[in-house]
Amino acid sequence: MNKTEQARLIIGRLSEQAEGNSIVHRISPLCKLFITIVFIGVTTSYGKYDLSGLFVMILFPVIWYQFAEVSFSECLYRLRYVMPLVVIMGLANPFFDKEIVLYVGRVGISGGVISMLVLILKGLLCLFMSYLLVATSSIEEMCIAMRRIHIPAFFTTLILLTFRFVTLFLEELSVMTEAYQLRAPGQKGIQFGAWGSFLGQLILRSVDRAQALYESMVLRGYSGEISYYGYKKYSKWSVLITVLNLCLVVLVRYVRF
Amino acid sequence: MHMADALLAPAVAATMYGASLATTGVAIYKLKKENSFDMEDSLKKIPTMAVMSSLVFAGQMINYTIPATGSSGHICGGVMLSALLGPWSAFLSMIAVLVIQCLFFADGGLMALGANVWNMSFYGCILGYFLIFRPIASGKILKNVNARSRLIIASIASCIITLQLGAFSVVLETGASGITELPFGAFVALMQPIHLAIGLVEGLATSAILVFVYENRPEMITCLTDSKEGKTSFKTTLVILAIVACVIAGVMSQFASSNPDGLEWSLFGNEEAGYAANMGLDEDDYGVQSSAAVVADSIQSKTAFLPDYAFANDEDNRLGTSVSGVLGSAMVAALAAIICLAGKIFRTKKQA
């Protein structure tokens with residue numbers, strides 16, 4: 001399977017997951033966005049050495065994931081490219097901060113190790129919650145939510161079309177790659193000298209196709225506004241859950257048990 | 001270059017959101033002025049923008065290996081977008097890419113979105129375009145070189161420089177958040193060379209694409225065909241430089257060392273750090289005593305509302321340092337403007 005098909009599969013899989021019907025899927029996307037932002041803000045506000053405080057925050061993604069029926073391992077697999085930078089930054093800490101702050105039995109643990117663990121944990125927690133948002137809301141729902149908070153229609157159209165055109169673009173790419181491979185049997189990949197014309201051609205073809213598509217959308221009555229018709233309604237429970245979550249997060253952050 | 005949430009402190013994230021939102025406002029204003037949002041005009045603009053964003057999006061999904069480093073990188077695409085769409089549309093397209101990555105793929109943090117927009121779209125689409133790409137590509141700088149070569153030079157130069165700036169911003173933002181013990185110098189030495197390699201590859205790819213598009217559809221590369229566009233750049237350049245100065249001053253001043261500067265150190269020493277008083281002078285009472293000096297000192301202590309780069313009554317406050325960094329650069333800019341204005345008035349008088 002080549003990279004193009006892999007990319008298409010990932011997009012398909014994510015859209016499919018967002019179509020689910022768990023309790024979390026039924027919460028309004030705006031509320032979920034708010035919950036996520038609050039969680040990330042609170043998580044990153046923990047002090048550099050506050051490992052014990054931060055540890056309690058693990059409970060939130062654990063509970064949310066149970067309700068959302070999303071698997072942790074899939075989340076980790078999808079986000080394997082995101083963590084390395086955080087881990088590299090964290091790994092430097094033990095080398096520069098060697099002051100012993102804690103003894104476990106007779107083994108001294110330095111401040112650097114604690115701050116490394118805190119950083120990695122923060123990274124993981126933020127990613128878990130962001131992924132939860134991704135996995136439980138579709139792009140159309142998010143765009144409608146963005147319109148509700150008065151983000152310009154121009155911008156939501158741009159986001160929606162960009163997302164739709166990725167598939168179109170990848171389709172053009174695989175057609176062109178296949179045509180190239182048929183013309184150059186036995187050759188691995190695309191010859192370096194042909195990259196410019198290949199990609200340039202790809203851009204021109206995709207732009208033409210996108211314009212034709214958009215024109216046909218306009219001819220069928222699209223006026224820059226997404227139609228709300230047919231999308232699921234959200235219950236008032238969304239707001240209640242959001243407030244409850246907010247209270248719990250603040251409680252965990254500022255009240256020491 | 002996508003930053004994760006954990007790498008940023010909430011205050012730094014908020015600052016970067018502010019900077020990016022302000023630039024977005026300017027971009028929307030500029031496009032509205034050009035009537036880009038009208039149905040007639042958007043027929044061409046929106047699908048082109050969307051398909052170019054999706055190209056960048058797909059390009060960023062596919063990482064390529066950087067030879068001899070064991071690391072991998074992906075294209076950033078800002079320079080290509082601004083060459084084909086114009087800087088302001090390119091900036092919005094890039095935001096669309098980053099929002100999709102953040103909200104639908106969890107790549108790049110939600111709180112770090114402001115910083116990511118700044119590091120990737122601002123430098124690539126706006127700064128790189130106005131200060132590097134357009135002057136070179138439109139023939140302002142290299143007049144005797146043909147358009148094709150100018151495009152190649154412009155793409156490579158702007159890709160490398162904007163990626164370096166972006167990488168340096170990542171270092172500054174992470175440093176200002178205080179989450180890593182990695183010294184500033186070591187982190188810079190880690191980030192810059194790797195982005196030099198990425199920038200070079202991206203520059204080559206961008207130039208190859210742009211040359212092809214130029215040869216087949218020259219009207220798509222506006223800064224080469226539209227002679228009108230190259231003229232009114234001075235004001236825009238000034239505005240951009242002002243914004244950059246403010247942000248850099250704001251972030252940089254978080255690092256401002258509380259140790260005395262060279263001059264202060266040589267005069268008064270730094271006893272807290274264990275140095276002897278170099279010239280043995282008392283900071284509050286030195287020099288020749290005269291009534292004029294006393295008056296001047298009392299005036300200075302009243303007018304300097306940001307003594308030693310912090311708010312007057314709160315010396316340990318980091319926010320004070322960063323506010324005074326921004327204010328300081330604003331005051332310097334105002335002073336420079338006054339000097340220029342005075343010079344202009346002086347010259348016109350002299351001519352008359």
## Note on the structure
Distance in nm between B:Val201 and A:Leu240 label points, each 7 Å along Cα→Cβ, equals 5.3
#### Entry: Estimated vicinal HN-Hα couplings, Hz - the range A:97-111 in sequence order (Karplus 6.51, -1.76, 1.60; Gly, Pro = x)
10, 9, 5, 6, 10, 8, 10, 10, x, 10, 8, x, 10, 7, x
### Task
Taking the convex hull of the Cα atoms, report for chain A its projected area averaged over all directions, in nm².
20.0
### Query
What share of all Cα pairs of the range B:5-226, in percent, falls into each consecutive 10 Å distance bin?
8, 32, 37, 18, 4, 0
### Summary
Share of accessible surface on carbon and sulfur in the range A:111-208, whole %, 1.4 Å probe and ligands ignored, is 63
### Task
Just tell me how shielded B:177-186 is by partners: mean number of partner chain Cβ atoms within 10 Å of each residue's Cβ, no decimals.
5
### Query
Other chains' Cβ within 10 Å of B:217-223 residues: what's the mean?
1
### Query
If you count, for every residue in A:209-215, the Cβ atoms of partner chains within 10 Å of its Cβ, what is the mean?
5
### Task
Please report the orientation-averaged projected area of the range A:78-124, defined via the convex hull of its C-alpha atoms, in nm².
3.6
### Query
So what J values fall out for the range B:102-110 if you push phi through Karplus, 6.51 cos²θ - 1.76 cosθ + 1.60 with θ = phi - 60°, rounded to Hz, Gly and Pro as x?
6, 7, 10, 10, 6, 9, x, x, 5
### Query
Amide H to amide H, which residues 5 or more places from B:Glu181 or on other chains are under 5 Å from it, using H placed in the peptide plane?
A:Asn93
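The values are calculated or read from the model by the stated rules, or taken from the named source; none is laboratory data. Only a predicted model underlies this, so the values are computations on that prediction, with no experimental measurement involved. A quick note on method: Cβ atoms are made from the backbone with ideal geometry, for glycine too, and the neighbour counts reach across all protein chains shown. With ligands, DNA and RNA removed, areas are computed over all heavy atoms of the protein, side chains included. Shrake-Rupley method; radii C 1.70, N 1.55, O 1.52, S 1.80 Å.
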